[in-house]
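Below: one structure, written as structure tokens.
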């Protein structure tokens, strides 16, 4: 999709990130959690995706040794259905490769079929269940893993 750009998440982005977070999740992260990820977690890599200069989504991951763990990914519901989530996940996979990750993992609600379909399209496979993973309703999470292509080229330019 033309007009999409990416950049490292900044503290000044947190107001907009919190808007999307509250629109997207029944148990949203706190502002303090995002601040901690950006300021104190040396494993963390967080980016925002912009459309026409407006933040429309974000994602974060931890890179530990050769593994990347997606901690969060969201697209503003007002902008869903435009493949922005696919672009965002693809950029996270490229960023993981740039940071020497060979595999990527994430958890997804068993009820979130839209996200599961996206992850499967991007090469993730179901590798197990985390029972009662989500604190808001005790829903199980599917654990998914993907092998990353070490030859994957930077598909999209990161700003900043």
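Starting from 0.36 nm per residue, how many nanometres of slack lie between residue 122 and residue 136 once their C-alpha separation is accounted for? Present the calculation step by step, with values, prior to reporting the outcome.
Details: separation 14, 0.36 × 14 = 5.04 nm, distance 2.76 nm.
Gain on extension, residue 122 to residue 136, equals 2.3 nm.
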For Cα pairs less than 8 Å apart in space and 6+ apart in sequence, what is the mean separation divided by the residue count of the range 1-142, i.e. the relative contact order in percent? 19
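For the chain, what does -39500 (n - 2.57) per DSSP helix run (n ≥ 4), summed and divided by total residues, give at 222 nm, in deg cm²/dmol to the nearest 500? The partial results should precede the final answer.
On the way: 4 runs with 45 residues, N = 160.
So the helix-based figure for the chain works out to -8500 deg cm²/dmol.
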Cβ-based exposure ranking for 58, 134, in which fewest neighbours within 10 Å come first: 134, 58
Going from the fewest other Cβ atoms within 10 Å to the most, one would list 124, 25 as 25, 124
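Given R₀ = 41 Å, FRET efficiency for residue 40-residue 19 by Cβ-Cβ distance, to 0.05?
So, using R0 = 41 Å, E works out to roughly 0.95.
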Computed FRET efficiency, Cβ-Cβ of residue 86 and residue 10, R0 22 Å: what is it to the nearest 0.05? 0.40
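Using Cβ counts within 10 Å as a stand-in for footprinting exposure, how do 71, 5 rank, fewest first? If you can, show how the numbers build up before the last one.
Values: 71 19, 5 15.
The most exposed by this proxy come first: 5, 71.
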Got a sec? Which residues in the range 25-46 would a label at residue 64 touch, if it sits 7 Å along Cα→Cβ and we count backbone N under 13 Å? 42-44
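Values in this text are rule-based calculations from the coordinates and carry no lab data. What you are looking at is a predicted structure, and each value in this text was computed from that prediction instead of being measured. Cβ atoms come from the backbone with ideal geometry, glycine included; neighbour counts cover every protein chain shown.
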